[in-house]
Amino acid sequence: MAPWCYCVLCLLIRNLSGTPSNSSGESRNPWAPAPVAPGEVVETAGGVCKFSGQRLSWWQAQESCEQQFGHLALQPPDGVLASRLRDLVWVGQREVPLRRPPQRRARTTAVLVFGEKTADRAARLRSPLPELAALTACAHVQWDCASSDPAALFSVAAPALPNALQLRAFAEPGGVVRAALVVRGHHAPFLAAFRADGRWHHVCATWEQRGGRWALFSDGRRRAGARGLGAGHPVPSGSILVLGQDQDSLGGGFSAHDAFSGNLTDFHLWARALSPTQLHQAQACAPPLEGLLFRWDPGALDIAPSLLPMVWVRLLCPVPSEECPTWNPAPRSEGSELCLEPQLFLCCYRTETYHRLQDAQSWPGQDVISRVNALANDIVLLPDPLSEAHGTLSPAEASSFLGLLEHVLAMEMAPLGPATLLAVVRFLKRVVALGAGDPELLLTGPWEQLSQRVVSVASLVLEEQVADAWLSIREVVGGPMTLVASVQRLAALLSTTMTSEQPRMRIQHRHAGLEVRSLRLREASTRGCFFTMPGGRPEGAGHIHIPAGEARRLLRKGLSGVTVIHSWFTSRVFQHTLEGLDLQPQAPASSEEANRVQRFLGTQVGSAIISSEVWDVTGEVSMAVTFHLQHQAQTFRHKLVEPVCAFWNYSISPYTGGAWATTGCSVAALYPDSTACFCNHSTSFAVLLQIYEVQRGPEEESLLRTLSFVGCGVSFCALTTTFLLFLAAGVPKSERTTVHKNLTFSLACAEGFLMTSEWAKANEVACVAVTVAMHFLFLAAFSWMLVEGLLLWRKVVAVSMHPGPGMRLYHATGWGVPVGIVAVTLAMLPRDYVAPGHCWLNVHTYAIWAFVGPVLFVLTANTCILARVVMVTVSSARRRARMLSPQPCLQEQIWTQIWATVKPVLVLLPVLGLTWLVGILVHLSPAWAYAAVGLNSIQGLYIFLVYAACNEEVRSALQRMAEKKSCASPASWGTSLRPPGPWEATRGSPIALAPPRRHAALRGTYGPRTPSAFSSIANPERQAVELTAFKASGPLVATEPLPPGPHPPDPPPGRLSGRLHFQSRPHPAGHSAAGVVKARGSGGCRAVSHAGPPPTPPERPRSPRGMRVF
């Protein structure tokens, strides 16, 4: 194509897209999706997201979404929404969805402004320093980003040592500020300290003479540190401290090249190395007093005239330095920005939650909302929960509106509707978020009055008649625990308003209350800190206690005082609305409960909700607590109730506001109507009641245990006898006999360990060992049951002349798979492996599935195999019946098919393990428990009867042993050991046998042939396919004693050797001559068979499965 064609095509495309060819503006892609508009709702793969269009800080954006019952997008946008975003957006945090902003205090302080780099700008401490074996220096710094040359933030010089200690730094344009500590002329490397963004940052440096340990901190985080810097030498006494300059001589020698450029305030110096906790205090403008050499005081400095007059600035402590996650649509990458930076955001919902919120305006309760708004002459309660609140709300206005709302709710006679309750919850969320955005609001406003009214309104909406409304909105707001979170946030705001004149504040109403008080750790280090609910006692139920050891731990960290916040809620609404919790059942604690068998029904809150929080100047401090709560008076007839200590975890389910959890909490003491608990952290606590249906009492359980022991003993003896018979009787080796031996051995060992498990409970190590052994052996038994099924399938259903997988694969399945399952279970659940009070797997953890899972798989597979085998048997019986009788009667057909169905089921049930299917129904009634004990206990006896006592293979092997012993005795040479078989006749008998049928096979094995699960039978009265435990291998001919003399050696067991021939002999009754078949058997006896005419040898029949017939 010619070049001018390209030009014409480009002009045409530009004209069609609406952009002039000579436009200097940015070109637009006509196929690009339009940017998302403010307030637009977009459906995504994970739910529904609403684009606000406002630019707020991360915490304000989170608050805005929570007030609309949503949350910040927990993952980067995808699909159409990602292509329609044009600017950076905030992303939420799934693990801490309700993280609060740090408490900040605004203070006004004097600042040294170091402008241009000159040699005359410095501030010197008037008093010299003592000898320092360790020190910490901290300051708030605003670094000049244009200053790329290294400069001294401060320096310490001794009379004979100008570079005793100094902190130097420089800014990388658009990058970071790199800092390095210099001690006695030894220079540490320059490492990144904070961003070069022109903002305030808190910088600290620590150094110790011992080992030369040093560290750099910025904004409360350790940025660098090492050892070996100036080790063994203290900073000499008489040193001079200078801010903003490097001293080439004692107190002087300044140069413009080393001058600091920026702003500096709040410089503090300690004669020791502060701990990280104490550095956080210094960052929050609350420097620890211990070891403090210099506290920021411009009056104690000799300030150069060029730095005067000083500037006073308003500083937030701690300075905003937190970074929150973001998503940038341009490169489609995740990042982070300062949390206080205003950015766009998305409020997301689950699809079903969003649709319910859309329907909220049609819910009952709109009349109360209209009445409150009319009395307030303002929009106090929003009818639409998805709409954004417009305008600002001051603490005074909020307090006035709460008073009005309290009056309306108190006078309302009818139960609140879900729409009213949803609007009240949203307004409370808005009120408690007032002080989070502006710390100045905490210094003004009626906060105590506002708190009184918040707690009063919360108490009114926790009345029991409001339980139905809470149930209606539970999926939207997460239930009444959202009120607990709101009151806790309000109490945290109140903690910043506490003063020495008012160290304690207590607010109490009918169903809710809170207490905020200052706690001196020295006083609490002896007895701890007790808080009692209304009606509670420090020595009984109804209190929470901070142990004295926790107070001493905080003292060792450098804290002297903290603020303790407690709140409590005693409404029965929690019991009604938090039932059916998804909490894993705990193991029964008492021996009486352990002796019962129960079925878990559910969990519900059984006590009051009590909260404990501890705050210092830097934020929340986690502490271990103990609490003792009384259970609610509830009657559970024929139910077992198990108390569980739990706490509300806000990070489990961000969509519903959290869930109950038990991590870190345990039961300390159980009482008839109360429970004492210990938790290693502070939050909201309660005693949950896990309810079980008692299915068997101690008497029934004792009877079942006795029956099980007796049944296991009988089964163990029968299985042991069967295994010994297989070994001693010389049963021919084959795949099926080997599988039977392994099955009986593993099952017998498992039954033996099961009988000893009761005695092993007294010793923990023995109990664990018995549990591991039973787990392995029962898994091995079921694995060999699976092998039985697979071998049956290969021999009956998928008949093939090709060799099978071989015994190596069967042994790997039977023994290797159980070893792997047991090893993995022990590695993953070492502490939750054994059940308390029993030597078996813990049924309340995932350990039980390491047994139940494989067993269910084996039973399912063997059930399918048995069904297919029954189909083959019934089909074969039907075909044989038609061959023998073209028109059989209906009754005979029904009986043949019934017997063809019942017989394989009866024979194969024990080895396939299908009797264990009854164990699935044990929880339904005690009758099924007795049935399961009976069926599983007689499994071994059933295997003995069917596969040993009544098995032709075993009986023939025993008979051959007896014949061998009998033939070896001279007194028995002339005696026949058994009645004549179908192929033989006694000498002198007038009856001659008919010639063999064509399909008659030699009964016996030739060589190590694989036995079949089914054998062809010549008798026309029997079905064509007969199920046996082994392939029949009975003798073909009768035996007669051999004359004395040498004989050939015996062939190996299971192999027919010798020669078969016919010889003519006159029949004693005058009949025609009969062929006599002679063979030398394996027992040293001569086998002779008389046959009728013809005298010639019969046609050699073709044996199934390639067996040779002589």
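The values are calculated or read from the model by the stated rules, or taken from the named source; none is laboratory data. Here the structure is a predicted model, which is why all the values come from computation and not from measurement. Positions of Cβ are backbone-derived with ideal geometry, glycine not excepted, and every protein chain shown enters the neighbour counts. Please note that ligands, DNA and RNA were not included when accessible areas were found on the heavy atoms of the full protein model with its side chains. Shrake-Rupley method; radii C 1.70, N 1.55, O 1.52, S 1.80 Å.
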Checklist entry - Given (1) open to solvent by 40 Å² or more (accessible area, probe 1.4 Å); (2) among the aliphatic types (A, V, I, L, M); (3) part of a helix (DSSP H, G or I), where does residue 330 come up short, assuming only one miss? => result (3)
Item to check | helices (runs of 4 or more DSSP H) fully within region 748-828 counting 3 or more residues that are open to solvent by 10 Å² or more (accessible area, probe 1.4 Å) and modelled with pLDDT of 90 or more | outcome: 764-792, 817-828
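Tell me which residues, restricted to region 467-509, are over 20 Å from residue 430 (Cβ atoms) and without any contact (Cβ under 8 Å) to a residue 60 or more places away in the chain. Explain how you work it out, then say what you get.
Pass one, region 467-509, residues over 20 Å from residue 430 (Cβ atoms): 467-468, 471-472, 474-475, 495, 498-506, 508-509.
Within region 467-509, 468, 499, 500, 501, 502, 503, 504, 505, 506, 508, 509 qualify.
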Checklist entry - Restricting attention to region 542-561, and to residues there that are surrounded by 20 or more Cβ atoms within 10 Å (Cβ to Cβ) and modelled with pLDDT under 90, which single residue is farthest from residue 680 (Cα to Cα)? => result 559
Checklist entry - In region 194-224, how many are in a strand (DSSP E or B) and more than 19 Å from residue 269 (Cα to Cα)? => result 4
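Assess whether residue 344 counts as being at pLDDT 90 or above, farther than 30 Å from residue 116 by Cβ and buried (at least 16 other Cβ atoms within 10 Å of the Cβ). Even if it seems obvious, please write down each step before you answer.
Details: at pLDDT 90 or above: yes; farther than 30 Å from residue 116 by Cβ: yes; buried (at least 16 other Cβ atoms within 10 Å of the Cβ): yes.
Yes.
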Checklist entry - List, please: which pairs have Cβ atoms under 8 Å, are six or more places apart or on different chains, and start with a residue in region 309-320 that is free of Cβ contacts under 8 Å to residues at least 12 places away in the same chain and on the phi > 0 side of the Ramachandran plot and end with one that is aliphatic (A, V, I, L, M) and open to solvent by 40 Å² or more (accessible area, probe 1.4 Å)? => result none
Next on the checklist: For a quick check of your reading of the model, give me the residue pairs whose first member lies in region 843-858 and is in contact (Cβ under 8 Å) with a residue 24 or more places away in the chain, whose second is among the polar types (S, T, N, Q) and surrounded by 15 or more Cβ atoms within 10 Å (Cβ to Cβ), with beta-carbon atoms closer than 9 Å and at least 6 apart or on different chains.
Outcome noted: 844/586; 850/825; 851/825; 854/783; 858/783
Item to check | Criterion: touching a residue at least 24 places away in the same chain (Cβ under 8 Å), assigned to a loop (DSSP other than H, G, I, E, B) and open to solvent by 80 Å² or more (accessible area, probe 1.4 Å) - qualifying residue of 364, 385 | outcome: 364
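Which of the residues spanning region 446-470 are outside any helix (DSSP H, G or I), closer than 17 Å to residue 416 by Cβ and open to solvent by 10 Å² or more (accessible area, probe 1.4 Å)? Quick ask: steps written out before the conclusion?
Taking region 446-470 first, the residues outside any helix (DSSP H, G or I) are 446, 461-463.
Subset that is closer than 17 Å to residue 416 by Cβ: 461-463.
Passing the criteria: only 463.
Could you pull out the residue among 495, 525, 500 that is out of contact with any His (no Cβ under 9 Å at 6 or more places or on another chain), closer than 17 Å to residue 611 by Cα and open to solvent by 10 Å² or more (accessible area, probe 1.4 Å)? If you could, list the steps in order and put the result at the bottom.
On the way: 525 fails: closer than 17 Å to residue 611 by Cα; 500 fails: closer than 17 Å to residue 611 by Cα.
Every option except 495 fails the conditions.
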Checklist outcome for this item: When region 223-261 is checked residue by residue, the ones that are open to solvent by 10 Å² or more (accessible area, probe 1.4 Å) and among the hydroxyl-bearing types (Ser, Thr, Tyr) are 237, 249, 255
Checklist outcome for this item: Requiring at least 1 residues that are small (Gly, Ala, Ser), in contact (Cβ under 8 Å) with a residue 60 or more places away in the chain and open to solvent by less than 10 Å² (accessible area, probe 1.4 Å), the strands (runs of 3 or more DSSP E) wholly within region 86-191 are 105-114, 123-125, 134-143, 151-158, 161-171
Checklist entry - Is it true that residue 415 is open to solvent by less than 10 Å² (accessible area, probe 1.4 Å), out of contact with any strand residue (DSSP E or B) (no Cβ under 7 Å at 6 or more places or on another chain) and either part of a loop (DSSP other than H, G, I, E, B) or at pLDDT 90 or above (or both)? => result no
Next on the checklist: Regarding region 271-291, can at least one residue be identified that is part of a strand (DSSP E or B) and open to solvent by 40 Å² or more (accessible area, probe 1.4 Å)?
Outcome noted: no
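Is at least one residue of region 436-445 under 16 Å from residue 67 (Cβ atoms) and either open to solvent by less than 60 Å² (accessible area, probe 1.4 Å) or among the acidic types (Asp, Glu) (or both)? Write out each step before concluding.
Looking only at region 436-445, we keep the residues that are under 16 Å from residue 67 (Cβ atoms), and these are 436-437.
Now restrict to residues that are either open to solvent by less than 60 Å² (accessible area, probe 1.4 Å) or among the acidic types (Asp, Glu) (or both): 436-437.
Among the residues of region 436-445, at least one is under 16 Å from residue 67 (Cβ atoms) and either open to solvent by less than 60 Å² (accessible area, probe 1.4 Å) or among the acidic types (Asp, Glu) (or both), which makes the answer yes.
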Checklist entry - Which condition number does residue 214 fail, the rest of (1) touching a Leu at 6+ places or on another chain (Cβ under 6 Å); (2) touching a residue at least 60 places away in the same chain (Cβ under 8 Å); (3) farther than 29 Å from residue 306 by Cβ being met? => result (2)
Next on the checklist: Show the residue pairs meeting these rules: Cβ distance below 8 Å; 6+ apart or different chains; first residue within region 287-308 and closer than 16 Å to residue 265 by Cα; second residue among the hydroxyl-bearing types (Ser, Thr, Tyr) and open to solvent by less than 30 Å² (accessible area, probe 1.4 Å).
Outcome noted: 296/109; 296/265
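Looking at region 425-435, is at least one residue touching a Lys or Arg at 6+ places or on another chain (Cβ under 7 Å), without any contact (Cβ under 8 Å) to a residue 60 or more places away in the chain and within 19 Å of residue 60 (Cα to Cα)? Working first, answer last.
Keep residues of region 425-435 that are touching a Lys or Arg at 6+ places or on another chain (Cβ under 7 Å), which gives 432.
If we keep only those that are without any contact (Cβ under 8 Å) to a residue 60 or more places away in the chain too, we end up with none.
No; the residues of region 425-435 include none that is touching a Lys or Arg at 6+ places or on another chain (Cβ under 7 Å), without any contact (Cβ under 8 Å) to a residue 60 or more places away in the chain and within 19 Å of residue 60 (Cα to Cα).
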Checklist entry - With (1) in contact (Cβ under 8 Å) with a residue 24 or more places away in the chain; (2) in contact with a helix residue (DSSP H, G or I) (Cβ under 6 Å, 6 or more places away or on another chain) as the list, and residue 836 as the residue in question, which single condition is left unmet? => result (2)
